[in-house]
């Protein structure tokens, strides 16, 4: 844990404060606030991730991608790693790199099998890649795995069967 000498706040505290103040409609002040931390902590995984996220939110995916890749290489862990996978995979999708995006989501879902958000964003990439059947089947799988209600539970087998059927159709049919 890095403690900043000026006021006793940790690096994480300072990053949290910057992110609490961000305006998602105008990310440049957040980027400007984060860049000095990058200068002073260039290898810090969280700093790299947060800067990537700021550029991503600003619509600058080309720049965000570089920071996400550096954050992953720097050893992100836990929930920050899961969130980085979601954002990095989405960035790759937005850049039109569907197979690379799907590979990120495959890796992420192996590391975090209990995350329905990863599955949802993977389904978005499948749809963007023109694989609508796989996307719908994937979403149905998420319903079966994560949605708990008496109404859904009554039809789990039918929903699973439909997911398998839709998946078997592939995306080459008209």
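All of the numbers you see were taken from the coordinates with simple rules; none came from a lab. These numbers come from a predicted model, not from an experiment.
Summary table
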item	result
The chain: angle of helix 156-169 to the longest principal axis, Cα-based, in degrees nearest 10	90 degrees
For the range 82-174: rounded, prolate or oblate by the Cα gyration tensor [a/c cutoff 1.5]	oblate
Helix-only CD estimate at 222 nm, as mean residue ellipticity for the chain, using -39500 (n - 2.57) per DSSP H run (n ≥ 4)	-23000 deg cm²/dmol
Contact order relative to length of the chain, as percent, for alpha carbon pairs under 8 angstrom and 6 or more apart	12 percent
Relative contact order of the range 1-76, pairs being alpha-carbon contacts under 8 Å that are 6 or more residues apart, as %	23 percent
Correct option for Kirkwood radius over Cα pairs in Å [calculated from the coordinates] among [x] 17.8; [y] 19.4; [z] 16.4	[x]
Angle in degrees between helix 11-20 and the longest Cα principal axis of the chain, rounded to the nearest 10	70 degrees
Global geometry of the range 1-76, whether rounded, prolate or oblate, following the gyration tensor of its Cα atoms and the 1.5 cut on a/c	oblate
GNM top mover of 11, 34, 72 - the chain, alpha-carbon springs below 10 Å	11
Nearest 10 degrees, 0 to 90: helix 28-40 Cα axis against the chain principal axis	70 degrees
